[in-house]
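Following: one structure in structure tokens, then a few remarks.
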Amino acid sequence: MDRTLWTASLFLVITGFLFLTAAAIGRVYFHYREPRKGRATARVVDLILREPENPEQARLYKNYYYPVLEFYADGKLYKIVHSEGSYPTVYHMHQELRLYYNKENPEDYVIVKNASWDILTEIFSVLGVICIFAACILFAMFAARQR
């Protein structure tokens, strides 16, 4: 009786559950670490061209583009002019952005620019599912040999 397939499938199941557990812990940890608990998808509905408020920026370019963001927070629509402008514009009309907002004050928000931790937890989740799926295939092969 060859138990190599059984051992490999058991190893892959344990590894898969470890990956899934790490992904879940990572999501919970980073969610609680973020002070803004609200999540929303904002859309750029307008680009306003105006002079920057910071005199240091005004020396570089006369006008900056400020995006107008539209998003729903707790069922209410918010339309906010983003405080950071750029020239040339970083944002485009109808562009969708992920943002975190303060549930008590939705006008206090942060645009999620690089969520590497989010990508890492997704990779761990996918690896966990792949390991468990591979373990099921190996176990099926083991069971077929036992007949």
Breaking point among (1) within 15 Å of ARG36 (Cβ to Cβ); (2) outside any strand (DSSP E or B); (3) over 20 Å from the mean Cα position of the chain (by Cα), for ALA140: (1)
Tell me whether the range 56-64 contains one or more residues that are open to solvent by 70 Å² or more (accessible area, probe 1.4 Å), touching a residue at least 60 places away in the same chain (Cβ under 8 Å) and in a helix (DSSP H, G or I). no
Scan PRO106, PRO52 and give me the residue that is in contact (Cβ under 8 Å) with a residue 24 or more places away in the chain, assigned to a loop (DSSP other than H, G, I, E, B) and in contact with a helix residue (DSSP H, G or I) (Cβ under 6 Å, 6 or more places away or on another chain). PRO52
Restricted to the range 123-139 and to residues being open to solvent by less than 60 Å² (accessible area, probe 1.4 Å) and aliphatic (A, V, I, L, M), the residue modelled with the lowest pLDDT is LEU138
All but one of (1) within 28 Å of THR21 (Cβ to Cβ); (2) within 27 Å of the chain's Cα centre (by Cα); (3) open to solvent by 80 Å² or more (accessible area, probe 1.4 Å) hold for GLU107, so report the exception by its number. (1)
Quick check on my filter: what residues within the range 8-40 are modelled with pLDDT of 90 or more and open to solvent by 80 Å² or more (accessible area, probe 1.4 Å)? LEU10, PHE11, ILE14, PHE17, LEU18, ILE25
When the residues of the range 110-122 are filtered to those that are open to solvent by less than 40 Å² (accessible area, probe 1.4 Å) and assigned to a helix (DSSP H, G or I), which remaining residue is nearest to ALA42 (Cα to Cα)? ASP118
Pick from the range 85-98, criterion open to solvent by 40 Å² or more (accessible area, probe 1.4 Å) and in a strand (DSSP E or B), ranking: nearest to ALA40 (Cα to Cα): ARG98
Could you run through the range 66-84 and say how many residues are open to solvent by less than 20 Å² (accessible area, probe 1.4 Å) and among the small types (Gly, Ala, Ser)? 1
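The values are calculated or read from the model by the stated rules, or taken from the named source; none is laboratory data. Keep in mind the model is a prediction, meaning the values are calculated, not measured. For neighbour counting, all protein chains shown are included, and Cβ atoms are generated from backbone atoms with ideal geometry for every residue, glycine included. Just the protein is used for accessible areas: all its heavy atoms, side chains included, with ligands, DNA and RNA removed. Shrake-Rupley method; radii C 1.70, N 1.55, O 1.52, S 1.80 Å.
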